[in-house]
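Below you'll find the structure, written out as structure tokens, and then a few comments.
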Amino acid sequence: MTHVEIEVKGKPLYLETGRFARQADGSVVVRYGDTVVLATAVANKEPRLNIDFFPLTVDYQEKAYAAGKIPGGFFKREGRPSEKEVLTSRLIDRPIRPLFPDGFYCETQCIVSVLSFGSENISDILGIIGISAALGISDIPFETPVSAVRIGILKDSFVINPDLQEAEQCDFNMVVAGTDEAVIMVEGGGLEITEELLLAALDVAHEEIKKVVALQRKFISMVGRPKRTVVPPLVDEKLTSAVSDLSLGKIKEAIIIPDKLRRQDALDNILSEVIASLNAGEADISKDITFIFNKLEKDLVRNMVLQQGIRADGRKPDEIRKISCDVGILPRTHGSALFVRGETQCLAAITLGTSEDEQIIDALEGESKKKFMLHYNFPPFSVGEVKPLRSPGRREIGHGMLAERAIKAVLPERTQFPYTIRIVADILESNGSSSMATVCGGTLALMDAGVPIRTPVAGIAMGLIKEGDQTVVLTDILGLEDHLGDMDFKVTGSEEGITAFQMDVKISGVSRDIMSRALIQAKQGRLFILQRMKEILASPRETLATHAPRIYTMQINPEKIREVIGTGGKVIRGIVEQTGAKIDIEDTGVINIASADEASARKAIDIIKGIVADAEVGKLYMGKVKRIVDFGAFVEIFPGTEGLLHISQISEKRTANVTDVFKEGDEVLVKVIEIDKMGRIRLSRKEALREQPSKQEET
């Protein structure tokens, strides 16, 4: 067993191998505080045939026993990955994928298992470090160690790897991953921050990353195995020349067709012609022809941007596609919007609910409730494809969470707006930046619903073309530019600052200078889009949508909660049955009453007020006779509270029988004349009539 360690924020970060999972190609246990993860990496010895991509799978899984819990459900065992597990799997995958060598086609699987979960809020960070170390000590061709760090921003100060309690206090949280040379992946969100503060946080993060990368290098030097030899795919120069002669000029003409589908059809037709012309021998070389053709296309698109400053659809590097948007297009939803940018189209719909609609999340950190949800859907027709519809994949969950993080920062506080909010974003057409279109469409739909968001939010995706020292940053990238470019940098925010961002690169990293240029260009684009959105709807509507439920809030004495609920919930169930309203009671005494019918909500409020009200000696009440007995009548002065009107207190004159004056259900003006030590209330009608002569009984 071999281990190394380094101190991080006063605790040892510990890497160990040789005790767990010894048959894996690489196996590392990473521990920090009470959090322990096992990271394993295994790659097949032989490459997969007839593929031109790297078949990598990364899975992050949380064991319930890690937090001393037994899973819920019938089977009492871990099942389908949770949303957090899916998002963390993506988080680990993104920084390591671009660092494998070209031509390595052996199926590779990396698994991170959380064995012990503490309050350090670091299992995802340890997963990135662990997989990098496991790959590093294995024979799998992964040469450059990667590390990661979580940075919390509290006002203008930085918190390294904030624990769960510290993270809740931070205004902004982000994860940064990189090598000792450059940053590779960034993801985060929170309240608005400036571009300058974000860059400063990245500088702090990179210094921390370098320390852990150095620890990994030491670890690898102690136990690392020789790496497998990877032979890059050999390209026949004669075939390359032949493909180029037949297609180069035609590709140049096709790649400048603005329309996505027409452009792709033209390229597909050219490729088919080339294959038909050159694939005439006994051996099938169509795969080699396709590889060469795709490389020619990639080089031409990139060179056109670098040398001419012109993109595939004719735009300049910092130019944004045509934008159009509309709101209120779906009559029965609580809010809706259609946002279109170029050939990307997002339909966003808002549903407002009550606390009963909150999502309950059972995680290792404990159970929590979520009152804001954004669900992103990417149907196959949006890109003109035919595929079976399945449950949301990793990409859909990841894009949805990015958009959710972007908008969450501007939502009203629960005390101001006690609704559960769900946004569904359906991508109806896609040619790049669909997650950013979701941010824009979701914001417009919220304002259409009358949700009092603090300020509108927009998003934009930035790209990069880099060859040597020559770089061009692209604003509002197409799907083609995402595929053939070197960076996908999504930035969202308001006029005040950034609320969320996500960066992935396909090269070994990006410099601080490139990051700074991208952020400045993204800000210009974001402000332009916000202006276009404000031309359609500048601020939230003053009233909620017609079909949205109305929620009314009232505050009662917390000691009265049990009276509103009643034994076994009898009282509150009765109120719901009488009024049809939904009622939610918090421990603080805050009660939310929701109903599509205002009269029903008001009735429920009046009943609750009556239950929690206290009778006052000397005060007059218009009550209702509930029961008649020989010695008087019991009168309800407000719901749930009755007092005794003794027969002697009915009138100045002698009353022989109560029934001569009242019957059950009659309204009667009474005065509280006494409340004894046991809380029993004595009422007087004759005293009330003395104070209200107009109510004198007829004689």
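Every number in this text was worked out from the coordinates using simple rules, so none of it is lab data. Fair warning: this is a prediction, and the values are worked out from it, not measured in the lab. Neighbour counts run over all protein chains shown; Cβ positions are idealised from the backbone, glycine included.
Quick rundown of the values:
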read-out	value
Mean separation of Cα contacts under 8 Å (6+ apart) over length of the chain, as relative contact order %	9 percent
P(r), alpha carbons of the range 620-695 - 5 Å bins starting at zero, rounded %	3, 18, 30, 28, 16, 5, 0
For the range 239-308, Kirkwood radius (reciprocal of mean inverse C-alpha pair distance, Å)	12.5 Å
Exposure proxy ranking, count of Cβ atoms within 10 Å, fewest first, for Thr144, Thr2, Thr492, Thr455	Thr2, Thr455, Thr144, Thr492
Set of aspartates and glutamates near Lys227 by C-alpha distance (under 19 Å), chain-local residues within fewer than 8 positions excluded	Asp25, Glu46, Asp102, Glu107, Asp139, Glu143
Whole-Å semi-axes of the range 63-155's equivalent ellipsoid (Cα gyration tensor)	27, 19, 12
Trypsin sites (Lys or Arg not before Pro) restricted to the range 306-350 and DSSP loop, no more than 11 other C-beta within 10 Å	Lys322, Arg332
Among [x] 33.7, 123; [y] 29.8, 97; [z] 26.3, 85, the entry that matches Rg and Dmax of the Cα atoms in Å as calculated here	[x]
Computed [θ] at 222 nm, helices only, for the chain once each DSSP H run of length n ≥ 4 contributes -39500 (n - 2.57)	-10000 deg cm²/dmol
Cα-based radius of gyration of the range 323-536 once divided by 2.2 N^0.38 Å, which approximates compact folds	1.03
Relative contact order of the range 239-308, pairs being alpha-carbon contacts under 8 Å that are 6 or more residues apart, as %	40 percent
Between helix 83-96 and the chain: long-axis angle, C-alpha atoms, 0 to 90°, nearest 10	20 degrees
Loop GluC sites (Glu not before Pro), the range 514-577 (other Cβ atoms within 10 Å of the site Cβ: 15 or fewer; DSSP)	Glu542
Degrees, to the nearest 10: 123-137 long Cα axis against longest axis of the chain	20 degrees
Relative contact order computed over the range 323-536 (Cα-Cα under 8 Å; 6+ residues apart), in percent	22 percent
Lys, Arg +1 and Asp, Glu -1 on Cβ, resulting dipole of the range 482-546 about Cα centre, debye, nearest 20	80 debye
Where Rh is the Kirkwood radius over Cα pairs, Rg/Rh for the range 550-612	0.92
Cα pair count fraction exceeding 23 Å, expressed as % - the range 118-203	28 percent
Order of Lys260, Lys76 under a 10 Å beta carbon neighbour criterion, fewest first	Lys76, Lys260
Exposure proxy order (Cβ contacts within 10 Å, fewest to most) of Asp469, Asp124, Asp357	Asp469, Asp357, Asp124
Cross-link pairs beyond the 28 Å C-alpha cut-off, checked among Lys370/Lys523; Lys84/Lys490; Lys560/Lys677; Lys45/Lys84	Lys370/Lys523; Lys45/Lys84
